[in-house]
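A.B. asks: Let me give you the structure first, and then I'll get to my questions.
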Amino acid sequence: MPINESSVKYDIEKLQGSRIKVNVEVDAREREESLERAYKSLVKRYQVPGFRKGYTPRPVLERYLGIEAFEDEAIRIVAREVLNMILQNENFTPLQDPYFDLLPQEWKENENLKFSFVIEVPPEFKLGDYKGFGLKKEKVEVSEEEINRVIEQIELQLSKLNTVEEGSIEKGDVVYLEREREDGSQLPPLWFTLNGQMLPELEEKLIGMKPGEEKVIEISFPEDFYEKELAGQSLPLKWKVKKIWRYEKPDQEIFLQKVNASSIEEFREKVRESIKEEREKLEEDKFFSQILDKILENTELDPPLSYVHYLAENILREFLTELNKKGVQLEDYLSQRGISKDEFVNNVIEDARKRIKIEMILDKIAEIENINISDEEINNVIKEIAENEGKEFKEIKRELEREGTINTLKRNLLREKVREFLIKENVVEEE
């Protein structure tokens, strides 16, 4: 069971900047119960020879690991529980994970446990106007041409790709081409689908060519063409058709089975709703960004520099990880976009600063408008997580509480509520 609040005393001390220090004292009566919770945690992680993992008796595990390990685990469990309790009781919204001031490593019998932690909280600021902007959301329309394009793409995904032994290139075919410069030097072979997207000028001149046929064709390569040595150039190349593939689309009955629809009309309606739903989400995101920009314009707010740098480092780390997954070096990325490393870092810092401003503004609006998240709402989300992971509700809730992420979950739900509130208060309804 969680720590008994009546066993905890604490006082709050304001520090320089937007920081507070919480000094905590936990009654000695909590020691034994905390050691028992420590045992339940440790027994799942350590296996003692001669015992099944998770079934080692506490006295045996204590001798095996030492009482110091039990006390250390108990202190960490209590510290996290006390932190969550105080964050909830005092309604603090930490800007980043609180840090503990050198947690003690032992908890002697019949002695109170003393420790402290520091929280960086949002600074005080004057919020500007945030309601009544009277903005209009664009009405979302889905054309028949868009539906046709999506259905064509799905048909291609469900089609067989057959080699064309005889015959010539047609629109929609996949071709494999060899290329040669005027001086006879070879360029890497190229293959692509004739769908009017990559090199439309070349596609027109390829239609009608047969396997083995070659032709000198002069085309202009776009500025953003993936081959840098050809990008932006207009030059003649000898193109030789090596292979042609053609899609064999499934018949209507098989197609409808694959897309789980009883008729083409039903499937068209599904596609229409899918496109509309995605477009409406994008439009709502765009609309919300307009609202935030207006609030930012008339709100004076300077976030703590330490938090700005902390978030900027996280943004940069995630970005570099994604680049690395794609096999791209940062220097190449910057070169392609024509910006220096200093400009890039400054952009990341400004992005972090803007994100923090938005977080603080949303939290402030929630406070002013008395927008809250109920225990029922949190529990409903936890139930959904538990169902998706195939676990018990209580197990997921304990994990979230132990990891301290339940406050993050609550904060995200709260900000989503504020978003809905701001959209409602600033939209002009269509007549």
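The values are calculated or read from the model by the stated rules, or taken from the named source; none is laboratory data. Given the structure is predicted, the values throughout are model-derived calculations rather than measurements. So basically every Cβ, Gly included, is an ideal-geometry build from the backbone, and we count neighbours across all protein chains shown. To get the accessible areas, we keep the full protein, side chains included, count just its heavy atoms, and leave off ligands, DNA and RNA. Shrake-Rupley method; radii C 1.70, N 1.55, O 1.52, S 1.80 Å.
A.B. asks: Would you mind stating whether VAL241 is of a type in the set (A, V, I, L, M), at pLDDT 90 or above, closer than 27 Å to ILE169 by Cα and surrounded by 11 or more Cβ atoms within 10 Å (Cβ to Cβ)?
C.D. replies: Here the answer is yes, as VAL241 does meet what is asked.
A.B. asks: Moving to a separate point now. Return only the number of the condition from (1) open to solvent by less than 60 Å² (accessible area, probe 1.4 Å); (2) assigned to a helix (DSSP H, G or I) that GLU425 does not satisfy.
C.D. replies: Failing condition for GLU425: (1).
A.B. asks: Where in the stretch 157-218 are the strands (runs of 3 or more DSSP E), entirely inside, with at least 2 residues that are of a type outside the set (A, V, I, L, M) and within 30 Å of ILE254 (Cα to Cα)?
C.D. replies: Numbers: elements: 160-163, 174-180, 186-193.
Hits in the stretch 157-218: 160-163, 186-193.
A.B. asks: Right, something else. In this structure, does LEU305 turn out to be within 22 Å of the chain's Cα centre (by Cα), of a type in the set (A, V, I, L, M, F, W, C) and exposed (fewer than 14 other Cβ atoms within 10 Å of the Cβ)?
C.D. replies: Numbers: within 22 Å of the chain's Cα centre (by Cα): no; of a type in the set (A, V, I, L, M, F, W, C): yes; exposed (fewer than 14 other Cβ atoms within 10 Å of the Cβ): yes.
No.
A.B. asks: List the number of the failed condition for SER262; all other conditions in (1) open to solvent by less than 90 Å² (accessible area, probe 1.4 Å); (2) over 30 Å from GLU180 (Cβ atoms); (3) not charged (D, E, K, R) hold.
C.D. replies: (1)
A.B. asks: Could you grab the pairs with beta carbons closer than 6 Å, sequence gap of 6+ or different chains, first residue in the stretch 54-77 and farther than 12 Å from LYS40 by Cα, second one of a type outside the set (A, V, I, L, M, F, W, C) and outside any helix (DSSP H, G or I)?
C.D. replies: Listed by first residue and then by second, the contacts come to GLU71/GLU106; ASP72/GLN105.
A.B. asks: Sticking with this structure for a sec: Pairs please, first residue from the stretch 387-398 and within 18 Å of ASP375 (Cα to Cα), second anywhere and surrounded by 11 or more Cβ atoms within 10 Å (Cβ to Cβ) and among the basic types (Lys, Arg), Cβ atoms under 8 Å, 6+ apart in sequence or on different chains.
C.D. replies: PHE393/LYS383
A.B. asks: Assess whether ILE207 counts as being aliphatic (A, V, I, L, M), over 43 Å from the mean Cα position of the chain (by Cα), over 30 Å from VAL142 (Cα atoms) and open to solvent by 70 Å² or more (accessible area, probe 1.4 Å). First the steps, then the outcome.
C.D. replies: Numbers: aliphatic (A, V, I, L, M): yes; over 43 Å from the mean Cα position of the chain (by Cα): yes; over 30 Å from VAL142 (Cα atoms): yes; open to solvent by 70 Å² or more (accessible area, probe 1.4 Å): yes.
Considered against the rule, which asks whether it is aliphatic (A, V, I, L, M), over 43 Å from the mean Cα position of the chain (by Cα), over 30 Å from VAL142 (Cα atoms) and open to solvent by 70 Å² or more (accessible area, probe 1.4 Å), ILE207 comes out as yes.
A.B. asks: Under 30 Å from ILE361 (Cα atoms), of a type in the set (S, T, N, Q), in contact (Cβ under 8 Å) with a residue 12 or more places away in the chain and open to solvent by 90 Å² or more (accessible area, probe 1.4 Å): which single residue out of GLN88, GLN16 fits that description? It would help to see each step written out before you state the result.
C.D. replies: Values: GLN16 fails: in contact (Cβ under 8 Å) with a residue 12 or more places away in the chain.
None of the others qualify; the one that does is GLN88.
A.B. asks: Closer than 30 Å to GLY66 by Cα, under 30 Å from the mean Cα position of the chain (by Cα) and open to solvent by 100 Å² or more (accessible area, probe 1.4 Å) - does that describe any residue in the stretch 99-111? Before the answer, list the steps.
C.D. replies: Quick first cut of the stretch 99-111, residues closer than 30 Å to GLY66 by Cα only: 99-111.
Still in the running and under 30 Å from the mean Cα position of the chain (by Cα): 99-100.
Next cut, open to solvent by 100 Å² or more (accessible area, probe 1.4 Å) only: 99.
Yes, because at least one residue in the stretch 99-111 is closer than 30 Å to GLY66 by Cα, under 30 Å from the mean Cα position of the chain (by Cα) and open to solvent by 100 Å² or more (accessible area, probe 1.4 Å).
A.B. asks: Additional query: State which residue pairs qualify: first residue modelled with pLDDT under 95 and inside the stretch 279-291, second residue open to solvent by 80 Å² or more (accessible area, probe 1.4 Å) and of a type outside the set (A, V, I, L, M) in any location, beta carbons under 6 Å apart, and separation of 6 or more residues or different chains.
C.D. replies: Short answer, once both residue conditions are applied: GLU283/GLU138.
A.B. asks: I've got another one for you. Do you know which residues across the stretch 292-327 are free of Cβ contacts under 8 Å to residues at least 12 places away in the same chain and charged (D, E, K, R)?
C.D. replies: Result: ASP293, GLU313, ARG317, GLU318, GLU322, LYS325, LYS326.
A.B. asks: Can you report the number of residues in the stretch 379-392 which are open to solvent by 60 Å² or more (accessible area, probe 1.4 Å) and over 22 Å from the mean Cα position of the chain (by Cα)?
C.D. replies: 3
A.B. asks: Determine whether the stretch 333-346 contains at least one residue that is free of Cβ contacts under 8 Å to residues at least 12 places away in the same chain, open to solvent by less than 60 Å² (accessible area, probe 1.4 Å) and assigned to a loop (DSSP other than H, G, I, E, B).
C.D. replies: Yes, there is a match, as at least one residue in the stretch 333-346 is free of Cβ contacts under 8 Å to residues at least 12 places away in the same chain, open to solvent by less than 60 Å² (accessible area, probe 1.4 Å) and assigned to a loop (DSSP other than H, G, I, E, B).
A.B. asks: Just one of the numbered conditions (1) among the aliphatic types (A, V, I, L, M); (2) out of contact with any Ser or Thr (no Cβ under 8 Å at 6 or more places or on another chain); (3) under 30 Å from GLU141 (Cβ atoms); (4) modelled with pLDDT of 90 or more is not true of ILE254; which one?
C.D. replies: Here ILE254 meets the rest and fails (3).
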